[in-house]
Amino acid sequence: MGKKGDLSDFERGLVVGARQAGLSISETADLLGISCTTISRVYRECSKCLVDARGQRRMARLVQADRTATVTQITTSYNRGMQKSISERTTRPTLRRRGCSSRRPHRVPLLSAKNKKLRPQSPQAHQNRTIED
């Protein structure tokens, strides 16, 4: 180990293997001589990719098809065509990694009656202007 909490790829593999074998965080920490915090952080980082690259592209297409869809709707659409279904808790970080984030549309004031009347006249009024004008 280099710095505190910095593990080699081999050590990361040991952490993941021990956790997948059914050892608890504290048992894994005692076995490998690493802190419980580091064990949980490494295991969480290594088990993030539950959706493969093809699934991520499919999820991105679903978002592009309906930009206003909620995570629940995206997850339901994704699961409809897949054999292995995922949860909303998996969908959120997958979308975040693809650069998608939730945003509310910016509220803008509606056009007043006066501005509605002036708006179509504006291009027509300037249509026959010359350079000198």
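Bridging of residue 84 to aspartates and glutamates at a Cα separation below 20 Å is possible for 52, once same-chain residues fewer than 8 apart are set aside. Taking a straight line from the alpha carbon of residue 116, not one of the aspartates and glutamates sits under 13 Å away once near neighbours fewer than eight places off in the same chain are left out. Counting only alpha carbon atoms, the long axis of helix 113-125 and the longest principal axis of the chain meet at about 70°. This ranking places 132, 88, 27 by how few other beta-carbon atoms lie within 10 Å of each, fewest first, which gives 132, 88, 27.
A short reminder: the numbers here are calculations on the coordinates, not readings from a lab. What you are looking at is a predicted structure, and each value in this text was computed from that prediction instead of being measured. Every residue, glycine as well, gets a Cβ built from its backbone with ideal geometry; the counts of neighbours run over all protein chains shown.
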